Amino acid sequence: MSDTTTKGPAARPELPEIDVREHASFRGRDQVSDRRLFMQLLVFRAPVGGDAAKPAEALHGALAGEQIPGVVYADANDPRGIALLTWSEDPALFVDRVRPLFARHELNTLELRPEFTMIGRSYATGFEPDLEYWLLRRYPENVTAEGWPWAVWYPLRRSGAFAQLTAEEQRGILGEHALIGRAYGAQDLAHDVRLACHGLDPNDNEFVIGLIGKDLHPLSHVVQSMRSTKQTSEYITQMGPFFVGKVLHVSRGKVEAESAAHGG
C-alpha cells in the first residue's frame, strides 16, 4: 500500500534580525545610536536678466524666519546660480518645511537644476570616538564654520565588485582613502562630509561627499590625490556631477536647541 500521509508545509527559514542602528567601538567602548542626520543640496538658477543675489538674500531670510538650519551658496560655475543645503534628523523637513519656501513670490521664479540635487544620511564607519557627535554635530559644524567658505559637493557609486571583497580587503582599501583625508584635515586644508544615499539617489549613487575648506585649491587637490587610491582607481564607477560653491549666508536654525534637548 502506498503512503498517502499528507505532509505539512516545509518549515519557513528563520528570518534574519535587521539592525538599522549605527555602531562604533573606540578603545574598548562600544557605542550604539539610532540617530542620524539627513542633508540635502538643491541647486537653482535665477531667471535670465535676474539678479541671483536677491533670491539668495530672500532664501536666507526665509530660512531664518522659519528657523531652518541651512547654508546658501553662490554657484562658482554659474553666475546666475545659487544652492541651498539644509539638514535635519527628520527628513520630513525637506518636504514639509523647505519645499514650501519656493512657492513664495520672491523664490518661485528660481529654476531647479535636478541633476545637482543630492541627499544623504550620516552613518558610522565603526571607529568614531564620539558616535553621536560624528553623526549629528560634526557635519553642521563643518559646513557653517566661519573660516571655511568653499565647498565641493558630488555623488559617487562603487562597483559591485567592491561589495564582493572580504571585510579585511575592504578595510585595507578604505584605510588608504581615509589616511589621505585625515592628512588634509590635520593641516586644515580640507574637511569632509560623508553621507550614504543608497536608495535615495535617482541615479543609484551610493554616497554624497562634501569637501569644505578655507581655500578652493586644496579641495581640488584632495580629489586629485584620491584618484591614485585603489578604491577610486579600481572600484568607483561614477563620480559627479560636481557642485562648487562659496557660502553667501548661514542659518543656524534650531540646531543648538534640538541638540541640547536630546542631551547633545
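None of the figures in this text is laboratory data; all of them are computed from the coordinates on show. What you see is a predicted model; the values in this text were computed from it and never measured. Glycine gets a Cβ as well: all are built from the backbone with ideal geometry, and neighbour counts include every protein chain shown.
When the Gaussian network model of the chain links Cα atoms closer than 10 Å, the mean-square fluctuations of Gly172, Gly81, Gly61 top out at Gly172.
Dipole magnitude for the stretch 160-207: computed about the Cα centre from +1 point charges on Lys and Arg Cβ and -1 point charges on Asp and Glu Cβ, it is near 140 debye. Lysine pairs in the chain with alpha-carbon atoms under 26 Å apart, 8 or more places apart or on different chains: how many are there? So the count works out to 6.
Build a GNM of the chain with springs between Cα atoms under 10 Å apart, and of Leu179, Leu107, Leu189 the one that fluctuates most is Leu179.
If R0 is taken as 51 Å, the Cβ-Cβ distance between Leu15 and Ser220 corresponds to a FRET efficiency of 0.60. Placing +1 on the Cβ of every Lys and Arg and -1 on the Cβ of every Asp and Glu, with nothing else charged, gives the stretch 25-259 a dipole about its Cα centre of roughly 160 debye. Placing +1 on the Cβ of every Lys and Arg and -1 on the Cβ of every Asp and Glu, with nothing else charged, gives the stretch 24-99 a dipole about its Cα centre of roughly 160 debye. For the chain, the residue among Trp150, Val48, Val32 whose Cα projects farthest onto the positive side of the dipole built from Cβ charges is Val48. Counting every other Cβ atom within 10 Å of each residue's Cβ, Arg227, Arg137 order from fewest to most as Arg227, Arg137.
With K and R counted +1 and D and E -1, the other residues having a Cβ less than 11 Å from that of Glu22 yield a net charge of 0. Amide H contacts under 5 Å for Gln238: Arg157, restricted to partners 5 or more places along the chain or on a different chain, H placed in the peptide plane at 1.01 Å from N.
Once the Cα gyration tensor of the chain is found, what semi-axes does its equivalent ellipsoid get, as square roots of 5 times the eigenvalues, in whole Å, sorted largest first? Before the final figure, lay out the partial values.
On the way: eigenvalues 274, 118, 83 Å².
They are 37, 24, 20 Å, listed from largest to smallest.
Zone of Tyr133 (label point 7 Å along Cα→Cβ, backbone N under 12 Å): which residues in the stretch 168-203? Correct set: none at all.
Taking the chain as a Gaussian network of alpha-carbon nodes connected by springs under 10 Å, the highest mean-square fluctuation of the residues Asp30, Asp188, Asp204 belongs to Asp30.
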